[in-house]
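Okay, so here's the structure we're looking at.
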Amino acid sequence: MGLILYRKRLICKLLIIYALNIADWLCTWILLHTGAFAEMNPLVGSFIGSPTAGFFVKGILPAVLLTLVCLMNQLLGEKELMQVDRFASFTTMLYTALCTVHIINFLLLHFAG
């Protein structure tokens, strides 16, 4: 596969990861504010209650990091690009699974009781 295609695929995956990250943040925030759910990740629990801190950590910081990765993507050779692409694929699957859990929790919240 050509480097240009790898670079385009990687940028697409990074945008999907960012969108899923924002969806995760919003869903977590909403579910926590129902009082029926608790944050299990102690790191996230330290900032998720504050909309400003949450926006910075889950919105601004990842946008900056993903922009840097997109810019640095031009410096990577094929082997390195393939490794970053694999990591991006794994991260996309992880966030997709997490958002699926959020959807299930929303369904349970609204239809289980």
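The values are calculated or read from the model by the stated rules, or taken from the named source; none is laboratory data. Just so it is clear, the model here is predicted, and its values are computed rather than measured. Every residue, glycine as well, gets a Cβ built from its backbone with ideal geometry; the counts of neighbours run over all protein chains shown. Each accessible area value is taken on the protein alone, full model and side chains, heavy atoms only, with ligands, DNA and RNA left out. Shrake-Rupley method; radii C 1.70, N 1.55, O 1.52, S 1.80 Å.
Residues in the stretch 73-91 that are open to solvent by less than 40 Å² (accessible area, probe 1.4 Å) and either in contact with a Pro (Cβ under 8 Å, 6 or more places away or on another chain) or within 17 Å of Leu15 (Cβ to Cβ) (or both): Asn73, Leu81, Asp85, Ala88, Ser89, Thr91. In the stretch 1-23, the residues that are assigned to a helix (DSSP H, G or I) reach residues that are open to solvent by 80 Å² or more (accessible area, probe 1.4 Å) with C-beta atoms within less than 8 angstrom, at least six apart or across chains, in these pairs: Leu3/Glu78; Tyr6/Glu78; Arg7/Gln74.
Can we say Ser46 is of a type in the set (S, T, N, Q) and over 16 Å from the mean Cα position of the chain (by Cα)? Here the answer is yes, as Ser46 does meet what is asked.
Could you grab me the full set of residues in the stretch 26-50 that are open to solvent by 70 Å² or more (accessible area, probe 1.4 Å), aliphatic (A, V, I, L, M) and part of a helix (DSSP H, G or I)? Scanning the stretch 26-50 gives Leu26, Ile30, Leu43. Lys13 passes every criterion in (1) surrounded by 12 or more Cβ atoms within 10 Å (Cβ to Cβ); (2) at pLDDT below 90; (3) touching a helix residue (DSSP H, G or I) at 6+ places or on another chain (Cβ under 8 Å); (4) not acidic (Asp, Glu) apart from (2). All of (1) open to solvent by 60 Å² or more (accessible area, probe 1.4 Å); (2) within 30 Å of Leu109 (Cβ to Cβ) hold for Leu5 with one exception: (2). In the stretch 31-44, the residues that are closer than 17 Å to Ile104 by Cα form no Cβ pair under 9 Å with any partner that is open to solvent by less than 60 Å² (accessible area, probe 1.4 Å) and of a type in the set (Lys, Arg), whether six or more places apart or across chains. Selection of the stretch 51-72 for residues being surrounded by fewer than 12 Cβ atoms within 10 Å (Cβ to Cβ) and either under 26 Å from Leu108 (Cβ atoms) or among the β-branched types (Val, Ile, Thr) (or both) yields Pro51, Thr52, Ile60, Val64.
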